[in-house]
């Protein structure tokens with residue numbers, strides 16, 4: 001063991017925090033190193049002197065609590081952030097519960113389908129015949145006119161077929 | 001006393017509950033302050049300010065540690081701020097500058113002389129402590145004056161056990177150099 005290592009262990013020794021093995025090795029070093037032995041003696045003296053500085057059973061000046069109350073009344077006005085922080089802790093879980101209920105309501109409650117009668121479906125789908133006919137005759141190109149007539153005919157057949165179903 | 005219940009009531013604004021906490025901890029907080037700053041009036045002011053800070057910070061206390069540990073952390077931080085603001089450039093005293101006690105002839109005089117000599121050493125030791133960097137002064141005060149364990153020091157200063165160890169070692173080495181005349185050797 002060298003003196004540098006020993007110095008660190010001596011500090012632990014004066015605090016009673018040295019393991020047995022390290023303590024034995026340190027004792028062997030102290031037996032042959034007067035400098036480290038002196039260091040141990042100085043640290044022990046210092047520890048005693050420091051402990052002597054302690055003001056035991058120290059009590060504050062009289063009426064400490066009463067003086068503090070007076071200061072709390074005048075100096076300790078809670079800041080807006082302290083109020084916010086106080087309510088935030090309670091508000092967050094309440095908000096989460098409300099949010100979960102709303103989500104549940106939105107997802108679990110299915111809107112009922114509106115059942116239409118067959119006649120209502122036909123009326124809903126069918127456009128004004130006059131508007132359709134005008135669009136066909138307004139078409140300039142004959143081939144486009146014929147295609148529109150064909151599709152109009154097919155659509156009419158489809159509407160009738162759905163009405164029958 | 002269920003301390004957690006009292007703390008919760010104080011958090012809800014119950015001033016009587018906060019008074020209970022003050023009465024429970026005022027001696028410890030004052031004792032911590034006075035053993036670091038070595039002045040009763042200053043320590044009393046510091047203790048008042050520490051409890052004021054604790055009152056304002058109470059809504060943020062989440063019971064992740066004991067209330068006493070949390071209060072001690074506030075106290076240490078406040079005292080540390082005070083030491084930084086009031087670090088004076090004091091002339092370094094030597095043992096020779098402190099008046100020696102008179103030499104008495106009878107036993108009573110000798111006892112008085114011993115007590116006065118003892119006081120001289122204490123004055124010099126306080127002086128040397130005050131010259132030290134505040135992190136070393138704090139850790140030495142907590143360990144060797146207040147008698148806190150390494151674990152308690154680690155919690156209060158938020159240091160790992162290894163850091164407490166190494167910081168104490170460096171603090172003692174530095175103090176030993178400063179106290180060389182008192183210890184009666186080179187101190188190197």
From the Cα centre of region B:68-89 to that of region B:104-175, the distance in Å is 17
Packing-ranked peptide list from B:21-31, B:146-156, highest mean Cβ count within 10 angstrom first, is B:21-31, B:146-156
The simple spin-label model distance between residue A:100 and residue B:39, using points 7 Å out along Cα→Cβ, in nm, is 5.7
Here the FRET efficiency for residue B:123 versus residue B:77, based on Cβ atoms and R0 = 30 Å and rounded to 0.05, is 0.60
Rg/Rh of chain B (Cα atoms, Kirkwood Rh), to two decimals, equals 1.06
With the 8 Å Cα cutoff and a minimum separation of six or more residues, chain B has a relative contact order in percent of 17
Exposure-ranked with fewest Cβ neighbours within 10 Å first, A:101, B:36, B:20, B:123 stand as A:101, B:123, B:20, B:36
What the 10 Å binned alpha carbon P(r) of region A:1-71 shows, as percent of pairs per bin from 0, is 18, 35, 16, 12, 12, 8, 0
A chain fully extended from residue A:57 to residue A:70 at 0.36 nm per residue, minus the present Cα-Cα distance, gains in nm 2.1 nm
Helix B:40-57 sits off the longest principal axis of the Cα atoms of chain B, rounded to the nearest 10 on a 0 to 90 degree scale, by 20
In whole angstrom, largest first, the equivalent ellipsoid semi-axes that the Cα gyration tensor gives for region B:1-73 are 22, 12, 11
Rounded to a whole number, the mean other protein chain Cβ count within 10 angstrom for residues of A:60-71 is 5
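Read the figures in this text as sums done on the coordinates, not as results from a lab. On a predicted model such as this, the values are computed, not experimentally measured, just so you know. Glycine gets a Cβ as well: all are built from the backbone with ideal geometry, and neighbour counts include every protein chain shown.
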